[in-house]
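The values are calculated or read from the model by the stated rules, or taken from the named source; none is laboratory data. Note that the structure is a prediction, hence the values are computed from the model and not measured.
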Amino acid sequence: MGHRLEVSVLTKVSVRDGENIERAIKRFKRKVEQAGILKEVRKREHYIKPSIQKKLKARAAEARSRKREKRLQMKGI
């Protein structure tokens, strides 16, 4: 089949003059969180077979649907 193109985006934070290092680390952590890097790393930590991925995706969709229905019923009361 086709090859996957992997794009690597480096998250970079420069420490400003007179800036506390803890503050710079906080900015870095915020940027990493916003970029979704940790989420992606956790997702790729273990290989999941495509058939299992489909099942997990279907279960998640079902759960969202039930949650949506429950919310609509609560509004109606």
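Report yes if some residue within region 12-22 is within 23 Å of the chain's Cα centre (by Cα), modelled with pLDDT under 90 and outside any helix (DSSP H, G or I); otherwise report no. The answer is yes, given that some residue of region 12-22 is within 23 Å of the chain's Cα centre (by Cα), modelled with pLDDT under 90 and outside any helix (DSSP H, G or I). Within region 23-55, the set of residues being part of a helix (DSSP H, G or I) and aromatic (Phe, Trp, Tyr) comprises Phe28 only.
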